[in-house]
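Step one of this worksheet: look at the structure below.
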Ligand code: TXA
Ligand code: MG
């Protein structure tokens with residue numbers, strides 16, 4: 001279509017502005033670009049999102065173009081509150097009750113709720129599905145921006161498709177500079193791993209993507225959840241390659257293999273205690289914190305560091321198999337998949 005080729009031409013010449021969210025005019029400037037149908041990256045508590053007016057199909061189309069995102073991968077709509085989410089869904093009383101219960105406890109926060117979409121939602125957002133994922137992020141800059149916008153923001157992670165999600169504004173620049181109108185630089189994100197995606201359309205809720213909100217935390221509130229991200233019917237986005245640093249081959253290995261490789265020249269990414277136990281080494285070494293939450297916050301920055309170091313191969317130590325590590329394990333498995 002015509003507007004697409006126009007955008008591609010323009011996209012090559014875009015100068016990506018960096019806004020400091022502390023400056024009073026930044027939110028107004030970001031809103032103004034978004035209302036013109038342009039793309040603005042913004043921090044959330046999980047990772048940076050690439051925002052567009054989620055009710056404007058032309059703006060949403062630009063997200064897919066800027067990221068090189070496969071068109072079968074639906075987007076999450078970001079809202080300021082449950083009140084802003086309700087018109088985006090077409091729910092029955094049971095679904096409404098469950099959504100309210102979860103939003104009361106976990107919103108704003110890293111939980112995306114999948115429910116039947118209303119006809120206000122463009123089909124580009126849902127990739128043609130009859131459901132839509134919505135979440136209210138907790139990050140203060142994201143909340144200010146959403147409060148300034150009279151529309152929801154469609155926002156995937158703000159990276160070229162296939163690369164690691166950005167946890168700092170610099171990571172957004174690395175893959176999207178010149179392809180988007182602006183970045184609100186809110187510093188490093190707190191959580192570092194994407195939201196949990198939960199389908200609550202059926203009596204038995206289904207976990208479509210493990211995320212920073214753990215399954216036990218959700219089950220404590222709504223009872224048993226079916227884990228469907230490793231089934232034959234995963235969330236559409238999970239079919240595609242993810243989280244892979246450019247030019248770096250990642251391999252997930254056990255502690256024995258890390259020990260065996262310690263005296264070799266390959267780069268290694270492992271937990272602090274493992275590094276302390278094995279001592280110094282000559283090859284590149286990235287040590288990540290021992291707690292799951294701190295490890296998550298540092299992970300994608302470590303992936304982008306590997307790109308900067310120009311290493312060809314990096315061995316990554318397996319993480320523990322407990323629930324708080326589940327989402328990290330999922331990201332490591334996907335990052336190391338061929
Ligand atoms: O933390 C996050 O969720 C971040 C920040 C920016 O909010 N966003 C994010 O978006 O990770 P993205 O596009 O990178 O991942 C969205 C995931 C994909 O796996 C997609 O398939 C799934 O959510 N998803 C979106 N809508 C869906 C739907 N209607 N049904 C099933 N899965 C859906
Ligand atoms: Mg993503």
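Annotations
- In this rough spin-label picture, where each label sits 7 Å from Cα along the Cβ direction, the residue 321-residue 219 distance is 1.5 nm.
- Cα-projected label distance for residue 249 with residue 204, points at 7 Å along beta-carbon direction, nm: 4.1 nm
- Gyration tensor (alpha-carbon) shape descriptor, the stretch 199-325, a/c threshold 1.5: prolate
- The convex hull defined by the C-alpha atoms of the chain has an orientation-averaged projected area of 17.1 nm².
- Alpha-carbon centroids, the stretch 252-295 and the stretch 37-111: separation in whole Å: 37 Å
- Across the alpha-carbon set of the stretch 249-302, the Rg to Rh ratio works out to 0.94, Rh being the Kirkwood radius.
- Cubic angstrom per residue, convex hull over Cα atoms of the stretch 269-338: 88 Å³
- Structural descriptor for the chain: relative contact order 20 percent, calculated from alpha carbon pairs under 8 angstrom and at least 6 residues apart.
- Computed from Cα atoms, the angle from the helix 292-309 axis to the main principal axis of the chain rounds to 80 degrees.
- Extents of the stretch 150-263, largest first, come to 54, 45, 27 Å (Cα atoms, principal axes, whole angstrom).
- With respect to the chain, whose longest principal axis is taken over its alpha-carbon atoms, helix 326-335 is tilted by about 80°.
- GNM result for the chain, Cα springs below 10 Å: residue of 281, 135, 201 fluctuating most strongly: 281
- For the pair residue 263 and residue 71, the difference between a 0.36 nm per residue extended length and the Cα-Cα distance amounts to 64.6 nm.
- With the helix formula -39500 (n - 2.57) applied to DSSP H stretches of n ≥ 4, the chain reaches a computed 222 nm mean residue ellipticity of -10000 deg cm²/dmol.
- Across the stretch 124-196, Cα-Cα distances exceeding 20 Å account for 38% of all pairs.
- The angle between the Cα long axis of helix 57-67 and the longest principal axis of the Cα atoms of the chain comes to about 10 degrees, rounded to the nearest 10.
- 243, 31, 300 arranged by Cβ crowding within 10 Å, fewest neighbours leading: 31, 243, 300
- Sorted from greatest to least, the principal axis extents spanned by the alpha carbons of the stretch 1-153 come out as 49, 38, 23 Å.
- Structural size metrics of the stretch 75-162, computed from C-alpha coordinates, are Rg and Dmax of 12.6, 39 Å.
- Here is the tail figure for the stretch 81-234: Cα pairs spaced more than 21 Å apart come to 49 percent of all pairs.
- Taking the C-alpha atoms of the stretch 171-229, convex hull volume expressed per residue in Å³: 130 Å³
Rule-based calculations on the coordinates, nothing more; no lab input. Here the structure is a predicted model, which is why all the values come from computation and not from measurement. Cβ sites come from the backbone with ideal geometry, for glycine too, and all protein chains shown count toward neighbours.
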